[in-house]
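Below is one structure, written out as structure tokens; the observations come after it.
The values are calculated or read from the model by the stated rules, or taken from the named source; none is laboratory data. Everything numeric in this text was worked out from a predicted model, so none of it was measured. Reconstructed Cβ throughout: ideal geometry from the backbone, glycine too, with neighbour counts over all protein chains shown. These accessible areas exclude ligands, DNA and RNA; they are computed on the full protein's heavy atoms, side chains included. Shrake-Rupley method; radii C 1.70, N 1.55, O 1.52, S 1.80 Å.
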Amino acid sequence: MTSDRCRQMHTLLGMYALGRLDDHEAVAVRAHLDGCADCRAELNQLTPVASVLGQADPDRLLEPPPAPSPALPGTILATLDRERSRQRHRRVAVVAAAAVTALGLLTGGFFLRTLVPSTPPGQPVAFTAPAAGVEASARVENRAWGTGISLDVTGLPEGSTYNVWLQRPDGSRMNAGSFIAGGDRKMSMNLAVALPMSDATMLGVSAPGDDTAILQAPLHS
Amino acid sequence: MRLRMARKRAEESVGNLADNAVLRTVYDDHAGELFALAYRSLGDRGRAEEVVQETFLRAWRGADRYDPQRSTVRTWLYAICRNVVIDASRARASRPQLADTEPPDVPVPERPLEQLLVGLQVEEALRRLSEQHRVVLVEIHLRDRSTSEVAAELGIPVGTVRSRVYYGLKALKLVLEEMGWHGDQ
């Protein structure tokens, strides 16, 4: 039963759980708790929360929580799409390998290399004249939802942000996402653009706010 | 209400992560927090995004092992994400580091990942509290200020501040529980 005294006590229980009452008040709370199972139960509810509260960093609370780039869900879906097709290939390869084994028993096995291809997904594109020290390679893949791009870049200034885009024949561009360059560290990423590959003529990378392409590769779809 | 039902469906059909719509709902609900954990742990946006991506990939591969009776989607994804972060930290530890490049929030022996994770969860929960409740908990407990000082600043009686601390803790507990916390982490 919650009495008026208990209700009054509740005002102090939060402070008590946090260890923020002075000695005099803490003694009064303990005296009440000794004789009141309801308030003890109430305190037991608060204690675990009070004990983890101190692990929060008040300064971090003022910062907006960090958010992933808006392109990430597209990248994840593209990766899963690739994983699915890899699983399909694997299944096909298993069936093919079984067929080869059967055939191999009959013919000596020289079909093996030709029957189990190991091409990575997508077709490679070539970047024209990258700046000195910059290395980039990319593969593009036509997907039901648009174009999947896997891009590896090394040698762009560490910490700088870059946009990746596909360009249409009329020169307009569709953003594929952005990345932060890692200097000498190779940055590998998968990007997704809701533009059919046949509608794109160029894959490019540029600094935000500057249309000049730092890297560009023509697409031959 | 409709949103809650959609969430519920996502919770039940997470075994069906192969469905892009389910995946997208799960992503919208949880990717922000997973990213925050990875970012605070590794101090690098690109690597944090890789961690989130790897988490979803592992979740997708292991979706048939997810049991809604045993954990919420959130705690399940957190568990996967934690493993990916640990793998990523180990991979980095095996590479030479330049002096002064270590970001401040990297889990170190004195601040293990579990503790960092709890801190992040509490911060996320505090963000979801009402301003009234958040202010008193932050000022009094996290910034170690006196009740009378906070009361004067807010222009309310000391008793009201104390009562807000009590209701704030209760609200925080509810939010944390909604986020999959059970006081044992």
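So here's what we get for this one:
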| read-out | value |
| --- | --- |
| Residue of A:ALA17, A:ALA126, A:ALA207 that the Gaussian network model of chain A assigns the largest fluctuation, springs spanning Cα pairs under 10 Å | A:ALA17 |
| Among A:PRO48, A:PRO169, A:PRO73, residue whose mean-square fluctuation peaks in a GNM of chain A (springs only between Cα atoms under 10 Å) | A:PRO48 |
| Highest-fluctuation residue, A:LEU46, A:LEU191, A:LEU166 considered, GNM on chain A with Cα pairs under 10 Å | A:LEU46 |
| Theoretical FRET efficiency, 1/(1+(r/R0)^6), r = Cβ-Cβ of A:ASP199 and B:SER148, R0 56 Å, to 0.05 | 0.25 |
| Pair A:GLN123, A:ALA31: separation of 7 Å Cα→Cβ label points (nm) | 8.7 nm |
| In Hz, Karplus ³J(HN,Hα) per residue of the range A:205-214 (6.51, -1.76, 1.60; θ = phi - 60°; x = Gly, Pro) | 10, 9, 7, x, x, 9, 6, 4, 6, 7 |
| Amide hydrogen neighbours beyond the local backbone of A:LEU215, cut-off 5 Å, H modeled | A:VAL205 |
| Inter-chain Cβ neighbour average for residues B:45-58, partner chain, 10 Å | 5 |
| Peptide A:177-183 - average C-beta neighbours from other chains (10 Å radius) | 2 |
| Accessible surface ranking that places the most exposed of A:ILE149, A:ILE214 first, with a 1.4 angstrom probe | A:ILE214, A:ILE149 |
| Packing-based ranking, highest mean first, of B:34-47, B:131-144, A:51-64 given that Cβ atoms within 10 Å are counted | B:34-47, B:131-144, A:51-64 |
| Chain pair A, B: total accessible area buried, heavy atoms, 1.4 Å probe, Å² | 4700 Å² |
| Segments A:76-83, B:119-126 sorted - mean Cβ within 10 Å per residue, highest first | B:119-126, A:76-83 |
| Computed label-point distance, nm, for sites A:THR47 and B:HIS182 using a 7 Å Cα→Cβ extension | 1.9 nm |
| Fraction of accessible area attributable to carbon and sulfur, the range A:139-194 (%, probe 1.4 Å) | 46 percent |
| Nearest-0.05 FRET efficiency for B:GLN115 and A:ARG84, computed from C-beta distance (R0 45 Å) | 0.75 |
| Nearest-0.05 FRET efficiency for A:GLU158 and A:HIS220, computed from C-beta distance (R0 51 Å) | 0.95 |
| Average other protein chain Cβ within 10 Å of Cβ, residues A:186-192 | 1 |
